[in-house]
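Heads up: the structure comes next, in structure tokens.
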Amino acid sequence: MTNILLYALTVAIWGTSWLGIKYQIGVVAPEASVVYRFALAAALMLLYCALARRRMRFSPAEHAFMALQGLFLFCANYVLIYLGTQYLTSGLVAVLFSTIVIMNIFLGALFFGSPVRRRVVLGVLVGLPGIGLVFWPEIVAFDLARQGTLGLVLTLAGTLSASFGMLISGRNQKQRLPVIQANAYGMTYGTLFMAAYCLAAGTPFGFDPRPLYVGSLIFLAVFATVIAFWSYLTLLGRIGADRAGYASVLFPIVALALSTVYEDYQWTPAAAFGVALVLAGNALILTRGGTEQAAPLAPPATSKETT
């Protein structure tokens, strides 16, 4: 699959998942819903690996890095962001999470020596103010009280955790760990970490049998987790964490389009201009200029990826 298709698939699915997550909130504790989501996703991926006869034996060191990927990408970031969402509006959470593209750029440079490409920086400088304009009413309404500050810290910590997880995935691909198997084990470890957290925190493991909850859970597990994480992490390995990470700036735009249809979101001139800035930043990042070359964290997929 081409990089453009992987990028579009990732943005479309994760942009849609915001609506799916909304249907998970209510009867079941959010942390428990995340456990169910990743437990189902991990089971499906392990079953696929078994049926496809994928190589599943790895060294203890490789398991350690897959567990780290699971801890940061499939556990800690979700716990922190769900907790932060209790104190902030969803729009402000989306704005804060979009800073992951900046984190990816500088953490990639710090830990992997990845070059900070001018077009990527320029795209970020154009796109992030755009997302701020889209959610400007929620930003100006933010009250920096004690709970607001706590929500801000939790959300940024969750975003930082996600960035670490993405960079660890890039490192794993560079070491020739297959994406599908690494995700299968990573989600398994992440589920175990999340379940342990819920038990320690005394989180009740209730369940909502209504079709809307079950249907959204299946969508989040199969599409937003199994398919989207495979698509995104494959893209990350090919084009680098900075360019792949910009997809996070587009997620809220897709969610906003759905909100227009299902939640009667009212567009303003500032929001429309903000969307235009986000798309312009997207174009700058995804197109190569002059002598700038992509610097992926991992080599292109080879036949080893399917073993």
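The values are calculated or read from the model by the stated rules, or taken from the named source; none is laboratory data. None of these values were measured; they are calculated from a predicted model. Cβ placement follows ideal geometry from the backbone for every residue including glycine, while neighbour counts extend to all protein chains displayed.
List of remarks:
- Number of positions in segment 176-185 that are modelled with pLDDT of 95 or more and either surrounded by fewer than 18 Cβ atoms within 10 Å (Cβ to Cβ) or closer than 15 Å to residue 26 by Cβ (or both): 0
- Applying the condition of being of a type in the set (Val, Ile, Thr) and surrounded by 18 or more Cβ atoms within 10 Å (Cβ to Cβ) to segment 3-58 and asking which residue is farthest from residue 243 (Cα to Cα) yields 28.
- Test result for residue 188, within 23 Å of residue 63 (Cα to Cα) and either surrounded by 15 or more Cβ atoms within 10 Å (Cβ to Cβ) or out of contact with any Ser or Thr (no Cβ under 8 Å at 6 or more places or on another chain) (or both): yes
- Neighbours by Cβ (under 7 Å, 6+ apart or cross-chain): first from segment 105-124, closer than 19 Å to residue 171 by Cα; second crowded, with 16+ Cβ neighbours inside 10 Å and of a type in the set (Ser, Thr, Tyr): 107/163; 108/114
This table checks each residue for (1) over 30 Å from residue 279 (Cβ atoms); (2) without any contact (Cβ under 8 Å) to a residue 12 or more places away in the chain; (3) outside any helix (DSSP H, G or I).
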| site | (1), (2), (3) |
| --- | --- |
| 4 | no, no, no |
| 8 | no, yes, no |
| 24 | no, no, yes |
| 44 | yes, no, no |
| 63 | yes, no, no |
| 67 | yes, no, no |
| 75 | yes, no, no |
| 78 | no, no, no |
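- The listed residue being in contact with a helix residue (DSSP H, G or I) (Cβ under 8 Å, 6 or more places away or on another chain), part of a helix (DSSP H, G or I) and not charged (D, E, K, R), out of 148, 165: 165
Okay, residues lined up against (1) in contact with a Pro (Cβ under 6 Å, 6 or more places away or on another chain); (2) hydrophobic (A, V, I, L, M, F, W, C); (3) in a helix (DSSP H, G or I):
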site: 173; (1), (2), (3): no, no, yes
site: 197; (1), (2), (3): no, no, yes
site: 205; (1), (2), (3): no, yes, no
site: 221; (1), (2), (3): no, yes, yes
